[in-house]
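What follows is a single structure, written as structure tokens, with notes after it.
The values are calculated or read from the model by the stated rules, or taken from the named source; none is laboratory data. All values derive from a computational prediction rather than experimental measurement. Here the Cβ positions follow ideal geometry from the backbone for every residue, glycine too, while neighbour counts run over all protein chains shown.
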Amino acid sequence: MGVSKRCCPVCAFLLHLLNKHYNTKFVISDEHTNITSCALPEWIPGDIVSKMVVEFSRRLRRELTKLQSRTSEPRGRAGTSDTARASLDSIRAEHGGIDEEKAAEAFQDV
């Protein structure tokens with residue numbers, strides 16, 4: 001059977017395991033990287049289900065580790081060239097609000 005779309009990672013790995021288990025030759029041309037929720041057919045042998053769980057637990061752990069390392073790095077002020085200037089949003093956050101007209105006048109002189 002031919003398909004025009006790339007295979008999902010779950011189906012690609014399942015076909016790989018089925019090929020090994022049953023000595024079959026399911027062939028896919030490529031797979032995409034998006035993993036979405038799915039359910040395995042009930043007839044899949046338990047040892048294949050276990051291998052699927054182990055593999056996708058490993059992939060999830062790797063992605064969570066990458067995400068954690070990205071979010072734990074200190075972030076500077078992106079996109080500003082003059083850190084001495086305060087934005088209206090930061091003034092609002094610090095002082096619970098400001099008079100818009102007075103702020104506009106104050107920033108005209110900067």
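Considering 75, 85, the condition of being surrounded by 10 or more Cβ atoms within 10 Å (Cβ to Cβ), of a type outside the set (Ser, Thr, Tyr) and modelled with pLDDT under 95 is satisfied by 85 alone.
Checked against the criteria, residue 56 does not count as surrounded by 10 or more Cβ atoms within 10 Å (Cβ to Cβ), of a type outside the set (D, E, K, R) and touching a Leu at 6+ places or on another chain (Cβ under 6 Å). Here is the figure for the range 22-56: residues that are assigned to a helix (DSSP H, G or I) and not polar (S, T, N, Q) total 11. Within the range 2-38, the set of residues being among the small types (Gly, Ala, Ser) and modelled with pLDDT of 95 or more comprises 12 only.
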